[in-house]
Amino acid sequence: MKKYIVIGNPIDHSLSPKLHNYWIKKNNINATYDKKKLDEDELKEIISEVKEGKINGINVTIPFKKAVIPFLDELSIEANETQSVNTIYLNNGKTIGHNTDAAGFELSIKYSKYELNNKRIFILGAGGVVPSIIFSLKKMKTSKIILSNRTEEKAANLKDSFKYIDIVKWGVIPNFDMIINATSVGLKENDEIKLDFSKVEKNKIFYDVIYNPRQTNFLKKAKNFGHKTMNGKMMFIYQAHQAFTLWHKIMPDIDNETIKLLD
Ligand code: ATR
């Protein structure tokens, strides 16, 4: 039986086991997918188990997406450019680190049928998922990527890696076609981003990477102002779909039942 796990700390909240085990069962694959809470000093050992064939694949979540990199033999282009690994597997005896968050974001945009070509994008936050989103937005040929983070230094660090982005001070709201909340504000039901969006022109797109709760205050307010809104559920499903396809060489269905599974 093949063995897959998701590692992180904390890990209780992760819905990856639910989704992967659902697809494993649906496709009659002889495999298990579990979650494992780890400390940073255990990363080397767990990755060596992939090399030895004891574990067939690992998903990596917060806070280890960067920390696993020194223990891997090779990185995919996406993982290298974002310095962020969420999927690990063995290929020709080598442990490979890949990033499916970037494709997950792009596919969620395709699913929504929004056209981002030549559009101005404003990102809030500079945490772990942001490099993947920037990489993906660049690939989609957006005209401008503007980023703002409460702690300016973290925004400046991102600019060192992605020279083409513009940074604005926290509190400044530039013109945009789509705004993305990539901060952790909204994870708690009462969380509110202390920014004033009342002067934003109508009919923009508000995207929240958070999908639990399903509608953050950021999206609720945007809806009231007449904007289009989208949460991070499809991004989450598509990143898992990419990892699953890579590991099992089977493309599982993303049907209504799959989407409902995460409600
Ligand atoms: P990590 O930085 O470990 O990857 P994350 O959850 O991915 O963590 O990122 C948290 C993001 O939410 C950061 O951009 C953080 O801003 P800071 O860099 O200033 O900490 C942002 N964030 C968290 N709480 C916030 C708040 N109350 N207001 C604004 N931004 C906040």
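So is Tyr22 open to solvent by less than 90 Å² (accessible area, probe 1.4 Å), at pLDDT 95 or above and touching a strand residue (DSSP E or B) at 6+ places or on another chain (Cβ under 6 Å) or not? Here the answer is no, as Tyr22 does not meet what is asked.
Just one of Ile121, Ile88, Ile109 is within 18 Å of His248 (Cα to Cα) and open to solvent by less than 30 Å² (accessible area, probe 1.4 Å); which is it? Within the list Ile121, Ile88, Ile109, the selection yields Ile88.
Every test in (1) crowded, with 17+ Cβ neighbours inside 10 Å; (2) within 15 Å of the ligand (Cβ to nearest atom); (3) closer than 23 Å to Phe236 by Cα; (4) among the small types (Gly, Ala, Ser) is passed by Ala155 save one, and that test is (3). Considering the stretch 172-189, and only residues there that are assigned to a loop (DSSP other than H, G, I, E, B) and in contact with a Ser or Thr (Cβ under 9 Å, 6 or more places away or on another chain), the residue that is farthest from the ligand (Cβ to nearest atom) turns out to be Asp177.
Among the residues of this structure, Thr258 does not count as one that is in contact with a Leu (Cβ under 8 Å, 6 or more places away or on another chain), within 30 Å of Thr87 (Cβ to Cβ) and within 16 Å of the ligand (Cβ to nearest atom). Is one or more of the residues making up the stretch 55-77 among the β-branched types (Val, Ile, Thr), surrounded by fewer than 18 Cβ atoms within 10 Å (Cβ to Cβ) and part of a helix (DSSP H, G or I)? Within the stretch 55-77 (the criterion being among the β-branched types (Val, Ile, Thr), surrounded by fewer than 18 Cβ atoms within 10 Å (Cβ to Cβ) and part of a helix (DSSP H, G or I)), the answer is yes, since at least one residue qualifies. Within the stretch 129-151, residues that are of a type outside the set (S, T, N, Q) have Cβ atoms under 8 Å from residues that are in a helix (DSSP H, G or I) and within 11 Å of the ligand (Cβ to nearest atom) in these pairs: Val130/Leu158; Pro131/Leu158; Ile134/Leu158; Leu147/Val130; Leu147/Ala155; Leu147/Leu158, counting only partners at least 6 apart in sequence or on another chain. So for the stretch 72-90 (the condition being within 16 Å of the ligand (Cβ to nearest atom) and at pLDDT below 95), does at least one residue qualify? So far as the stretch 72-90 goes, no, none of its residues is within 16 Å of the ligand (Cβ to nearest atom) and at pLDDT below 95.
Pick from Lys169, Lys249: which is of a type outside the set (A, V, I, L, M) and away from the ligand (no atom under 16 Å from the Cβ)? After applying the criteria, what remains is Lys249. Entry remark, the stretch 101-132: residues being assigned to a loop (DSSP other than H, G, I, E, B), away from the ligand (no atom under 16 Å from the Cβ) and among the small types (Gly, Ala, Ser) number 0 in total. When the residues of the stretch 25-54 are filtered to those that are more than 16 Å from the ligand (Cβ to nearest atom) and acidic (Asp, Glu), the one that is most open to solvent (accessible area, probe 1.4 Å) is Asp41. Remark: pairs (first residue in the stretch 111-125, assigned by TED's automatic domain parsing to the domain that holds Lys144; second residue within 16 Å of the ligand (Cβ to nearest atom) and part of a helix (DSSP H, G or I); Cβ separation under 8 Å; 6+ apart in sequence or on different chains) = Ile123/Val130; Ile123/Ile133; Ile123/Ile134. Taken over the stretch 189-248, residues that are more than 20 Å from the chain's Cα centre (by Cα), surrounded by 20 or more Cβ atoms within 10 Å (Cβ to Cβ) and not assigned by TED's automatic domain parsing to the domain that holds Gly127 amount to 0.
The values are calculated or read from the model by the stated rules, or taken from the named source; none is laboratory data. Note that the structure is predicted; figures quoted are calculated from it, not measured. Cβ coordinates were reconstructed from backbone atoms using ideal geometry, including for glycine residues, and neighbour counts include every protein chain displayed. For accessibility, only protein heavy atoms count, side chains too; no ligands or nucleic acids. Shrake-Rupley method; radii C 1.70, N 1.55, O 1.52, S 1.80 Å.
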